[in-house]
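One structure is given below, encoded as structure tokens.
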Amino acid sequence: MMEASRVSIMPFLVYFLCFSEVKAKIIIAPFGDQNHGTEQVTLTESSPKENTYQSPGSDLAIPDYRVSRWDKSTQKAWWRCIHILQHGPCKGDDETFQLLNSLLEQHPALLQLADDRGQTLLFHAINWRQTDVIAHLLSLGCPYDCQDRKHNTALLLAIKKEFTEAVVLLLAYGADPYICNGRGFNAYQLACTLKHPNIIAILLRMAPIKSDDLTQRIESI
């Protein structure tokens, strides 16, 4: 009876060992400032390419500054910033805003850091609709045309969320409306697809159209 039960579970054990994702920890040096030393990074052996962060757009992409590759102090500061953004609102005269600004001054690398989805603090500020923080991050030089793992830029994310204030700020700082996401949509095409007439009007006012086909598509809405 015991032997029969062992035999019956063997196929399941073989399937589990062959097809489940096995995680392993390796020691790897972070990109950028080599003075940070080495960090332990958890990678998935079954999909090594997915763990090699390479934001598309080459010259538009930010380096591999994922949080997990930085020292513990910077990681802690990052998560404090995320907590502040989630529990806003943060305004220029607010204590939480001053705390956020203090963290950015102590850890300037936070402007370049991206989480495992490739999203910087600017993306998170858009997610939590923190208009004042978005303006502040842009004024400090936070990259605005970098793309996350889904190839979205901050502008594309703001359009998706119909966040008009963020769209205006990003365009004013020079965000490129012609960068495409993973589905091949640029800012105009995404706004048309989602039927956001207010954002289309902002794009038309602040960024020139380079395609006749795009003009016809906008006129048809």
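Worth pointing out:
- Within the stretch 110-145, the residues that satisfy the criterion of being over 14 Å from TRP78 (Cα atoms) and among the aromatic types (Phe, Trp, Tyr) are TRP128, TYR144.
- When the stretch 187-205 is filtered for residues that are touching a residue at least 24 places away in the same chain (Cβ under 8 Å) and either closer than 23 Å to TRP128 by Cα or aromatic (Phe, Trp, Tyr) (or both), the ones remaining, listed by number, are ALA187, TYR188, LEU190, ALA191, LEU194, LYS195, HIS196, PRO197, ASN198, ILE199, ILE202, LEU203.
- Taken over the stretch 69-110, the criterion of being surrounded by fewer than 16 Cβ atoms within 10 Å (Cβ to Cβ) and among the small types (Gly, Ala, Ser) is satisfied by SER73, GLY92, SER102.
- Consider the stretch 176-221 and keep the residues that are surrounded by 14 or more Cβ atoms within 10 Å (Cβ to Cβ) and of a type in the set (D, E, K, R). The one that is modelled with the lowest pLDDT is ARG217.
The values are calculated or read from the model by the stated rules, or taken from the named source; none is laboratory data. What you are looking at is a predicted structure, and each value in this text was computed from that prediction instead of being measured. Please note: Cβ atoms are built from the backbone with ideal geometry, for glycine as well, and neighbour counts cover all protein chains shown.
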